[in-house]
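Undergrad: Mind looking over this structure? Questions follow.
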Amino acid sequence: MKTQTKVCLPLLTTLCLLAGSASAAAQEEEPAPWPPADTDGEYLPVPKDYYEPFSVKACGSTVTVASGDVREVHYKSRVKDDGRIKLKYRGDATVDLTRASDGAFIDELDISGPVTQRVSADGLSIEDSLKGASLIFPLGDRDAKALAAAGFPEFFFYERGTLTIEAQLSEDPAAVEPLSVRVTTNTTTLVRDVCEMLDEAGRS
């Protein structure tokens, strides 16, 4: 079965990006294989392209998300006998956020919450479970509708709790949106609207 090539940025977003949506800088070099091979129970440093900056249309502008000074994320991959893959990510990480319209800047936002990701054998079903502290935003209309239906702002940060999101991807390699997205677990607390955070940063 032909499936899409993906680049996964688990600590910066809830879902895996289609390769065509990755940053230009990341595409200059051959991206790291995804999903990664079994690591035999060992945690390994994530590839360098996981830290590449990218931009998000949000807050009435474009917001650049760049890795901060703390880049200590490791991952462990387990490939089960039936082909399903379970990935775990842990380690300290920060990001810097910059809004293009006014230069509002958030420095060294902690996003060190651990992530567990489950991928079906055909690569078309993905479940991301993120614990706070995490930064979340939609990559497309279906993401946005799923997050809005769960009562979240368009771009948000939470310090504690767990958010689990399931996505079903299309078999069409040209597809740029998942077929469906839904929030299955939400125990998040201390949720903050990132657009409001940028507004506060811009006034300071």
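Undergrad: List, in the order given, every pair from Lys76/Lys131; Lys80/Lys131; Lys76/Lys145 whose Cα-Cα distance in the structure shown is over 20 Å.
TA: Lys80/Lys131; Lys76/Lys145
Undergrad: OK, next. So how much slack lies between Val70 and Lys145, counting 0.36 nm per residue of separation and subtracting their Cα-Cα distance, in nm?
TA: Length gained, Val70 through Lys145: 23.8 nm.
Undergrad: In sequence order, what are the phi-derived ³J(HN,Hα) couplings for the range 77-83 according to the Karplus relation 6.51 cos²θ - 1.76 cosθ + 1.60 with θ = phi - 60°, rounded to whole Hz, with x for glycine and proline?
TA: 10, 10, 9, 7, 4, 8, x
Undergrad: So, for the range 48-117, what is the accessible surface per residue at a probe of 1.4 Å, expressed in square angstrom? Mind dumping the intermediate values first?
TA: Values: 3490 Å² over 70 residues.
Each residue of the range 48-117 exposes 50 Å² on average to a 1.4 Å probe.
Undergrad: Can I ask one more? With just the Cα atoms of the range 91-140, tell me how far they stretch along each of the three principal axes, in Å, largest first.
TA: Here the spans come out as 44, 26, 12 Å, largest first.
Undergrad: OK, next. Over the range 160-204, what is the relative contact order in percent, taking alpha-carbon pairs closer than 8 angstrom and at least six residues apart?
TA: Values: 46 pairs, mean separation 18.2, N = 45.
The value is 40 percent.
Undergrad: Now a separate question. Can you pull the percent of Cα pairs in the range 86-204 with separation above 18 Å?
TA: In whole percent, the long-distance tail amounts to 56.
Undergrad: Right, next: Would you kindly derive the ³J(HN,Hα) couplings of the range 153-158 from the backbone phi angles with the Karplus curve 6.51 cos²θ - 1.76 cosθ + 1.60 (θ = phi - 60°), listing them in order in whole Hz, with x for Gly and Pro?
TA: Each residue's phi maps through the Karplus curve to give x, 5, 9, 9, 10, 9 Hz.
Undergrad: Hey, another quick one. Determine the equivalent ellipsoid of the range 49-138 by diagonalising the alpha-carbon gyration tensor, then write out the semi-axes as square roots of 5 times the eigenvalues, largest first, rounded to whole Å.
TA: Rounded to whole Å, the semi-axes are 29, 15, 10.
Undergrad: So what J values fall out for the range 175-191 if you push phi through Karplus, 6.51 cos²θ - 1.76 cosθ + 1.60 with θ = phi - 60°, rounded to Hz, Gly and Pro as x?
TA: Going residue by residue, I get 5, 10, 10, x, 5, 7, 9, 8, 8, 9, 9, 9, 10, 5, 9, 6, 7 Hz, with x marking Gly and Pro.
Undergrad: For Gly161, list long-range residues whose amide hydrogen, built 1.01 Å from N in the peptide plane, is under 5 Å from its own amide hydrogen.
TA: Here Gly132, Thr189 satisfy the definition.
Undergrad: List the residues whose amide H sits under 5 Å from the amide H of Leu135, counting only those 5 or more places along or on another chain, with H placed 1.01 Å from N in the peptide plane.
TA: none
Undergrad: Amide H to amide H, which residues 5 or more places from Ser180 or on other chains are under 5 Å from it, using H placed in the peptide plane?
TA: Those lying under 5 Å, H to H, from Ser180 are Gln168.
The values are calculated or read from the model by the stated rules, or taken from the named source; none is laboratory data. Keep in mind that this is a model prediction, so the values were computed, not measured. Side chains are part of the model used for accessible areas, which takes the heavy atoms of the whole protein and leaves out ligands, DNA and RNA. Shrake-Rupley method; radii C 1.70, N 1.55, O 1.52, S 1.80 Å.
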